[in-house]
Each structure stands twice: as structure tokens, then as C-alpha cells.
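In what follows, a single structure is set out as C-alpha cells and then discussed.
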Amino acid sequence: MTSSLNLWLIPMLPLAGAAINGFLGKKSSRTAISTIGLVFSGAAFAWALSVVLRVSSVDLPYQEYVAHWIRSGNFTADFALYLDQLSLVMLLVVTGVGFLIHIYSVGYMWEDPSYYRFFAYLNLFMFFMLTLILANNYLLMFIGWEGVGLASYLLIGFWFTKDSAASAGKKAFIVNRIGDFGFLIGLFLIIQHFGSLNFVDVFEKVRPLASETTGAGFLTAIGILLMVGACGKSAQIPLYVWLPDAMEGPTPVSALIHAATMVTAGVYMVSRSHMIFERAPAALTVVAVIGTLTALFAATIGITQTDIKKVLAYSTVSQLGYMFMACGVGAFSAGIFHLMTHAFFKGLLFLAAGSVIHAVGGEQDMRKMGGLRSYIPWTFMTMGIATLAIAGIPPFAGFWSKDEILWKAFSSEHGSWVFWLIGVITAFITSFYMFRLLFMTFFGDYRGAQVDSHGRASHGHDDHGHGEPHESPMVMLVPLMILALLSVVGGLVGIGNRFEHFLAPVFGSAEVTEAAGEAAGRGTELLLMGVSVLVAVLGFILAYVLYVSRPYLPQKIADGLNGFYTAVLNKYYIDELYAKLFVKPLVDGSTSILWQGVDRKVIDDTVNNAADGARQVSDEVRHMQSGNLRSYAGWIAAGSAVVIAYMIWLGVGR
């Protein structure tokens, strides 16, 4: 008899913490709030670890039914949980990194007047994210999907009295709704063709289907629509614009949601749906092209940013592009490998950036930093490790996963030397702008205050009145140290394709990888590995020359590039373009649309022709009750389109 893992406890524990702090936290002490937030998130991590220790006692994939949910004819969707090697990796990343960020938040947010609300939101986010990754069907996944969107909105706009934060929260919410519309239509198509949203049932019916190599069939349509949803949640072109603005939220939010967990939901969803994508080569190509272009596009913007969190934001968009490029060439395990290592080093980068911001009294402009390595040595050391990891310097974690992606982009059946070349160029740019961040922040003289001849602050106060830069408390530094250790050793699990073999029962790709490696030749793989390390080193050298050795050169280069530099500095004016094409017409035209479209066309016609209108409406509505599940799915799709369009119009109009 198979033992029960009681997976339901893992998401329910953070939900309990969110409820307690949400309802009782306002009248509780900060110590009590911290205890509740940490105990319940830590218990979820501890239970996840216990699942890992007990997983050998069950057969994977393992399903756990919690409650009956929806019944309609032959269609069922239960509140049920699903565990396999893929969800096990995601489970450890979300609970482990999430718990460390909760610990860090105790120190970072201690003085905030809405301390209880912050921890309630953090715990709520963990509940929805865990629901997303443990769901055994697309519908429950979608509940978690929408839930993390809600939690993201609440956390990005946490300081809602600040206009920029409130606007960023609304922007994230609206842009994600656009992507979710595509996701929903994809789910309706799955219902129409397979009669189920349960992963096991859907994939069993997809398995015998032939690959759509001669044209675009319904699997291609489903794959592309799922990718639309992933573009919104994982900030890919053209729906990436919300993530850089999301840096208005507190820094722990940036680390938890926009580095380690929520933004990787799209990568997880595409990987979970690999059976569909593998039989839809056109959809795979769309994923690869969007991911590759996003990786390069966002990296170029990161070169010119001066806000430390904005640099990391565009870096996140770029790294997510890498993950999608891996998925698009059929190397799903490589994409998940990079997802895991990215959670370590990018979570560390954001938390270290928060430590820097804390040290200099809230300043985020790197031009007003410099020389901080002597003031905050622990933050400098940990951030340096994370920078080496993301730049792809061996033997740090990012090297192993990034090299795996580049190799698969070159050698995979769905890969191309074009993907590899763009990936290598992106790797060079990534190394450059990350070492640029490190040198501008920690090297040279401190520029946030007047300094004496020894490079020390002469008056003892920075622009924010917080005195000299100071190291963060241990409650913030310990999570940095743990993530730094993971950023060093986390990639070693990929040596000898061990990580890919672990995920082979999910993706069935280990044998394919070995065959591809033998065909292309070990020598070629080592050569390409050498190229990726070389470009990372070149990025370091260029950043050192420009920002340490000859710091006057960047301004000369910027002046020489003139218009092009200005365009990159202004993020290619994409936000302005979207505002002109989509936002402004809706806002400016809302009054005339309301008058012409609603008052005269709807209200007047309804009142004046009530009898005819009622008869016509009843005739149309009668056809909705056909008893046909596919018909219902079509009506739901049409209704969802109307509701989502209205939500977008309403949100933009406000």
C-alpha cells in the first residue's frame, strides 16, 4: 500500500500564516508577526524536505486527491496534487529560497508601519505559488497562476501611497491579464480536444498523436496560446514591460517574486506541457525565437541602466529568455536547471542589492555609490559570488546551467547555430553589465557624500541622513551567505548530466542527450564551452577597463554613440510606444466610447426596443443550453474574452 505524503500541508501552512497575520497582525507585536511568518513558511520548507526523504516510499508520479471540485458530464477537475521529479525541484526552490527571503525580510522591513501586512502577503504568495506547482490539472494550476498575479499586485504596490508603486502594481496586473487571456483560450482548446484538464489524462491522449510537421494544427495552436500566457507571467517580448517597473516594490519582493519564483511560472508551465510542444515544432520554434530575442534585447538595455534594481530587473528578463530558449530547442531539463541556479544567484543579487540600498539609506542610483566594499565587506563578497555565477565563470552555478543551454541550442534537433551565437553574445553582454554593476557600486571612491583625502565620508552623513554606509544586520546577512554557498556549489549537480537524468522520467531526454553529444562530438562541446568562458572573461575585462581603469571612457563612448545610446538608455521607447498605441487611445476615447457605445447604442436601444430585444436575446440564449461540453467551452471562451477586455479597459481607464 502506498503511503501518503500529505502534500496538501505544504501550501496550507503558508495560507494559515497569511490568515493569522492578516487578521490578527495589526494588533500584534513585530516579534509575533515575524514568528508567525517564519514558522509557517519554514514549516512548509521542512515538510518539503521530509517529502524528499520519503519520496522513495511512493511511486512517481504521485497524485493526492484533497477534495472533489467540478463535475460536468464526463469532465472533472478536482483539488488534487501531483508530484514528480519536476515539481519536486520546483517545490524545493520555492520553499527553500522563499524561507530565506522571509528571514531576510525581518531585518529589511522591521521599521515599516505595515509590517504585518507585508508578511501576510508574502505567505499568501507562497500558498498560491505552491498551489501552481503542485496542481495535478491545468485548472488548479490556473487558480495558482491567477493567485500569484494577485499577490504580485499587492506586493508590487505595497507602498500604495506612492504613485509610482501603485501604477507599477496596476501595470503588472493588466499586462498579466493579457497573457492570461491566451492561457485561458489554450485551456478551452484542451477541453475541446481532450475533454479533460488533468495532466495525466491530457498527456496520455497527446502521446500517440503524430508531430505536426506539415502544418499548424490544434496542438500548435494550444502551444502558442500557452506561450502567450507564459510571456505575460515570465516577462517575455512583447509582455515584458511590467517587470522593470515592478522594482517599485520592496526589495525582498523583487527577490522572491521577480527572481526566484513567480516569473519562472511560465517556464514551469511550458516544461510541464512538454508533451504538447514536442508534437508542435512550430510552437517550439516560437518559444525559442521569443526567448532568444528577449535574452538579447533585455541584456542590451541592462548595459545603460543606473538604478541597481533596474539592472537586475532587465537581467532577470534576459535570463528568463535563456530558459525559454532552452525549452524552445527541446532542452527542457536544461531550462529547469538554469531556473534552479538562477533562483540561487539572482535571489542573492536582489537581496545583496537590498543590503546595499539599506547601507546607503535608500539610494538606488549606482552613480551615487562606489567604494562600498570597505564599508560592507560581507555584502560585497556575497554579491561578488553572485556576479561570478551569473556571468558564467566556472565553477560557479551559472556556468554549468548556461553552458548546458548554449550546448543544447547548438546541438539539439530543434537548435541552430543562430540561437547559439545570439546566446553567446548575450552571455558577453551579461558579464559586462553585471561586472559594471559590481565596479560602480563597490570600487573607486564613495560618491554618496563628500569624502576626505582618504576616501572617507568627511561629514559622516549621506544624502539620506543615515550616516556612513553600514553593514546589514545578521538576520539579513545569513540568507546572503547561504545563497552564496548555493551559488558556488548549486551547479555541480549538473556534472555528468546527473540533473538531466534525474528529470528523465518527466522529459524522457537523457538518452537523446547522450546520443546528441556523441554525434556532435565531445571536442565540439568542449570548444563551445571554452568560447562561453572566454566571452565571460572578456565582459569582465571590458567592464574593468571602463569603470575601474579608465572611468572617463564610458561618458566619451556615450557621447560618441549619441542617438543610439539615448535610445537604449530610454529602453528603446517601448513604454512610450505602448502608451501611444494602446493606453492613450483608450484613456482619451473612454468618454466618447461610453457615450456613443453604451448610452446611445445600448441603453437607448434597449429601452426603446425592449420587447423585440427580449425576444431576440431569449432565442440566442436558448442555444447556449445544448448539453454539449465543447459548446460550453466555446461560450466560456467568448465570455472570458469580454470580461478580460472589460477589465483591461477599466484598469487602463482608471
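So the values come out like this:
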{"quantity": "Neighbours by Cβ (under 9 Å, 6+ apart or cross-chain): first from region 3-27, closer than 14 Å to L130 by Cβ; second among the basic types (K, R)", "calculated": "L5/R54"}
{"quantity": "Verdict on V289 being open to solvent by 10 Å² or more (accessible area, probe 1.4 Å) and free of Cβ contacts under 8 Å to residues at least 60 places away in the same chain", "calculated": "yes"}
{"quantity": "Of the criteria (1) of a type outside the set (V, I, T); (2) open to solvent by less than 70 Å² (accessible area, probe 1.4 Å); (3) within 29 Å of Y240 (Cα to Cα); (4) modelled with pLDDT under 85, which one Y572 fails", "calculated": "(4)"}
{"quantity": "Number of the exception - E111 against (1) within 27 Å of G25 (Cβ to Cβ); (2) assigned to a helix (DSSP H, G or I); (3) open to solvent by 30 Å² or more (accessible area, probe 1.4 Å)", "calculated": "(2)"}
{"quantity": "Residue match in region 59-71 (condition: among the basic types (K, R), part of a helix (DSSP H, G or I) and either surrounded by 15 or more Cβ atoms within 10 Å (Cβ to Cβ) or out of contact with any Leu (no Cβ under 9 Å at 6 or more places or on another chain) (or both))", "calculated": "no"}
{"quantity": "Some residue of region 373-390 being among the aromatic types (F, W, Y) and open to solvent by less than 10 Å² (accessible area, probe 1.4 Å)", "calculated": "no"}
{"quantity": "Failed item, numbered, when A282 is tested on (1) more than 22 Å from F118 (Cα to Cα); (2) assigned to a helix (DSSP H, G or I); (3) under 13 Å from the mean Cα position of the chain (by Cα)", "calculated": "(3)"}
{"quantity": "Residue satisfying all of: in region 339-372; β-branched (V, I, T) and buried (at least 21 other Cβ atoms within 10 Å of the Cβ); farthest from the chain's Cα centre (by Cα) among these", "calculated": "V360"}
{"quantity": "Subset of region 251-267 that is polar (S, T, N, Q) and part of a helix (DSSP H, G or I) - its residue that is nearest to G223 (Cα to Cα)", "calculated": "T264"}
{"quantity": "Meets criteria (in contact with a Phe, Trp or Tyr (Cβ under 7 Å, 6 or more places away or on another chain) and touching a residue at least 24 places away in the same chain (Cβ under 8 Å)) for V202", "calculated": "yes"}
{"quantity": "Residues that are more than 21 Å from H342 (Cα to Cα) and touching a Leu at 6+ places or on another chain (Cβ under 6 Å), drawn from region 260-286", "calculated": "S273, I276, F277, R279, A280"}
{"quantity": "Number of the exception - W417 against (1) more than 21 Å from F432 (Cβ to Cβ); (2) buried (at least 21 other Cβ atoms within 10 Å of the Cβ)", "calculated": "(2)"}
{"quantity": "Region 2-12: number of residues that are open to solvent by 40 Å² or more (accessible area, probe 1.4 Å) and either among the charged types (D, E, K, R) or on the phi < 0 side of the Ramachandran plot (or both)", "calculated": "6"}
{"quantity": "Restricting region 292-320 to residues that are part of a helix (DSSP H, G or I) and open to solvent by 10 Å² or more (accessible area, probe 1.4 Å), the residue that is nearest to G229 (Cα to Cα)", "calculated": "L293"}
{"quantity": "Counted residues, region 229-250 - those being within 17 Å of T161 (Cα to Cα) and in a helix (DSSP H, G or I)", "calculated": "4"}
{"quantity": "Test for F75: is it open to solvent by less than 50 Å² (accessible area, probe 1.4 Å) and in contact (Cβ under 8 Å) with a residue 12 or more places away in the chain", "calculated": "yes"}
{"quantity": "So L225, is it in contact with a His (Cβ under 7 Å, 6 or more places away or on another chain) and closer than 29 Å to I574 by Cα", "calculated": "no"}
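Each row is one residue, and each column tells you yes or no for (1) closer than 25 Å to Y240 by Cβ; (2) assigned to a loop (DSSP other than H, G, I, E, B); (3) hydroxyl-bearing (S, T, Y); (4) touching a Gly at 6+ places or on another chain (Cβ under 6 Å).
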| residue | (1), (2), (3), (4) |
| --- | --- |
| G149 | yes, no, no, no |
| Y153 | yes, no, yes, yes |
| W159 | yes, yes, no, no |
| R177 | yes, no, no, no |
| F181 | yes, no, no, no |
| I185 | yes, no, no, no |
| E204 | no, no, no, no |
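The values are calculated or read from the model by the stated rules, or taken from the named source; none is laboratory data. Not measured: the values here are computed from a predicted model. All Cβ positions, glycine included, derive from the backbone under ideal geometry; neighbour counts span all protein chains shown. With ligands, DNA and RNA removed, areas are computed over all heavy atoms of the protein, side chains included. Shrake-Rupley method; radii C 1.70, N 1.55, O 1.52, S 1.80 Å.
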